[in-house]
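**Q** Mind looking over this structure? Questions follow.
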Amino acid sequence: MNKIKRLASLAALLLASVGAQAQVAVIVNSKSPTASMTADQVASIFLGKSNTLPSGATAAPVDQAESAAVRELFYSKVTGKQAAQVKAAWSRLVFSGKATPPKEMGSSADVKKFVAANPDAIGYIEKSAVDGSVKVVLSVD
């Protein structure tokens, strides 16, 4: 039994250290006039409280797949909410007709491609996936 507890503790530490190293980059189109955003500004867009970028343009937010680890990390770090809480909040907004949830993409590569092709798009990907096709407006460790 002691060996199982030690292995479980070791596994938990390993997972925590891997999660701690992951970084999320909130990205916009490389030609966007938006240079940086606060976590509150980003959270407002992804929680349906605002649909405007700092430039005044209507934001076109894009989400990762529900199963993506980067999605859980993004929502917990930027909004302080679990993905399930975010989903419930969006369900209420959609039901009331107040907002439309972000478009969902299958991978970080898909998100990056969408953001690179749409001037008002905003999304998030692993920081390691960032290249010159997009601009980072917020980094989350």
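The values are calculated or read from the model by the stated rules, or taken from the named source; none is laboratory data. Because the structure is a prediction, the values reported are computed rather than measured. All Cβ positions, glycine included, derive from the backbone under ideal geometry; neighbour counts span all protein chains shown. When the accessible area is computed, the model is the full protein with side chains, heavy atoms only, and any ligands, DNA or RNA have been set aside. Shrake-Rupley method; radii C 1.70, N 1.55, O 1.52, S 1.80 Å.
**Q** Per residue, how large is the accessible surface of the stretch 37-141? Use a 1.4 angstrom probe and give square angstrom. Could you put the intermediate results ahead of the total?
**A** Details: 5380 Å² over 105 residues.
Here the per-residue accessible area is 51 Å².
**Q** Extension gain Glu66-Gln85, at 0.36 nm per residue separation less the Cα-Cα distance, in nm? Numbers along the way, then the final one.
**A** On the way: separation 19, 0.36 × 19 = 6.84 nm, distance 1.24 nm.
This chain segment gains 5.6 nm when fully extended.
**Q** Under a 1.4 angstrom probe, counting protein chains only, how are Glu66, Glu126 ranked by accessible area, largest first?
**A** On the way: Glu66 105, Glu126 70 Å².
Sorted descending by solvent-accessible area, the residues read Glu66, Glu126.
**Q** So what is the calculated 222 nm ellipticity per residue for the chain, using -39500 (n - 2.57) for each DSSP H run with n of 4 or more, over all residues, to the nearest 500 deg cm²/dmol? If you can, show how the numbers build up before the last one.
**A** On the way: 5 runs with 58 residues, N = 141.
One gets -12500 deg cm²/dmol as the mean residue ellipticity at 222 nm.
**Q** Explain nothing, just compute: Karplus ³J(HN,Hα) = 6.51 cos²θ - 1.76 cosθ + 1.60, θ = phi - 60°, for every residue of the stretch 103-113 in order, whole Hz, x for Gly and Pro.
**A** Karplus-based 3J(HN,Hα) across the stretch 103-113 equals 5, 9, 10, x, 7, 4, 4, 5, 4, 4, 4 Hz.
**Q** Keeping the other protein chains in place, figure out the carbon and sulfur percent of the accessible area of the chain, with a 1.4 Å probe. The partial results should precede the final answer.
**A** Numbers: 4580 of 8050 Å².
For the chain, the apolar C and S fraction of the accessible surface comes to 57 percent.
**Q** Near Arg92, within a Cβ-to-Cβ distance under 14 Å, what is the net charge of the other residues, with Lys and Arg +1 and Asp and Glu -1? Each step should come with its number before you reach the end.
**A** Working: positive: Lys49, Lys81, Lys87, Lys98; negative: none.
Combined, the nearby Lys, Arg, Asp and Glu give +4.
**Q** In a shell of Cβ-Cβ distance under 14 Å around Ala22, excluding Ala22 itself, what net charge do Lys and Arg (+1) and Asp and Glu (-1) give? Numbers along the way, then the final one.
**A** On the way: positive: Arg71, Lys77, Lys127; negative: Glu72, Glu126, Asp141.
With Lys, Arg at +1 and Asp, Glu at -1, the neighbours total 0.
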